[in-house]
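Here the structure comes first, spelled out in structure tokens, and everything after it is commentary.
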Amino acid sequence: MSNRAQSLLANQVLYADFITVYVRGSIIPRWQRYWGVLQATKLTLYDFEYKETKAAQVILPLDGLGKVFYPSHIEDDDEQMVDVGRLGLALQFTASQLPSYGTGNRIFILPDDNHSCQGWEESFSYSASLVEEFKMALDDKNSSVPRFTNNGSLTIPDKFLW
């Protein structure tokens, strides 16, 4: 079994650091700070003050993560609704993992600095490539290998999607 497959199946930690996520508030959207732990198939968000000493606040499944990109580099008018600055990243998801009631398909995140931004971008991209590679291998072999995906038991909460 390859190292990539082992890291996916073991769901090892790929990256952990502070991260700020754009969320829908009760009245207006806001940036909310977390301690984030990225594993191959999920992003776990903890209270930024207590990190992993308290229970996770949110677990975001990543089996639908398609790509990671800098939305500030896109000149589409729709992207201007969220100002993520030069360090902000967008996580693009496929429709299969999203709620069926018509929300967006992106999560916007803001790392603390250049080093953190590079770490998050590389780790999210690696996670997306692991998931895609594994899905393609299953599709090619039409295998009965147990799937790592959550089969709909976890979805991304609407407040994170734009």
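The values are calculated or read from the model by the stated rules, or taken from the named source; none is laboratory data. A quick note: this is a predicted structure, and the numbers were derived from the prediction, not measured. Counting neighbours? That spans all protein chains shown, and the Cβs are built from the backbone with ideal geometry, glycine included.
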I'm checking my understanding of the structure. Among residues of the stretch 39-65 that are part of a helix (DSSP H, G or I) and not basic (Lys, Arg), which one is farthest from SER129 (Cα to Cα)?
THR53
Identify, from the list TYR46, TYR22, the residue that is surrounded by 16 or more Cβ atoms within 10 Å (Cβ to Cβ) and at pLDDT 95 or above.
TYR46
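Among the residues of the stretch 86-129, what is the count of those that are among the aromatic types (Phe, Trp, Tyr), modelled with pLDDT under 90 and surrounded by 20 or more Cβ atoms within 10 Å (Cβ to Cβ)?
Summing the residues that are among the aromatic types (Phe, Trp, Tyr), modelled with pLDDT under 90 and surrounded by 20 or more Cβ atoms within 10 Å (Cβ to Cβ) in the stretch 86-129 gives 1.
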If you check GLN80 against the conditions, is it at pLDDT below 65 and not in a loop (DSSP other than H, G, I, E, B)?
yes
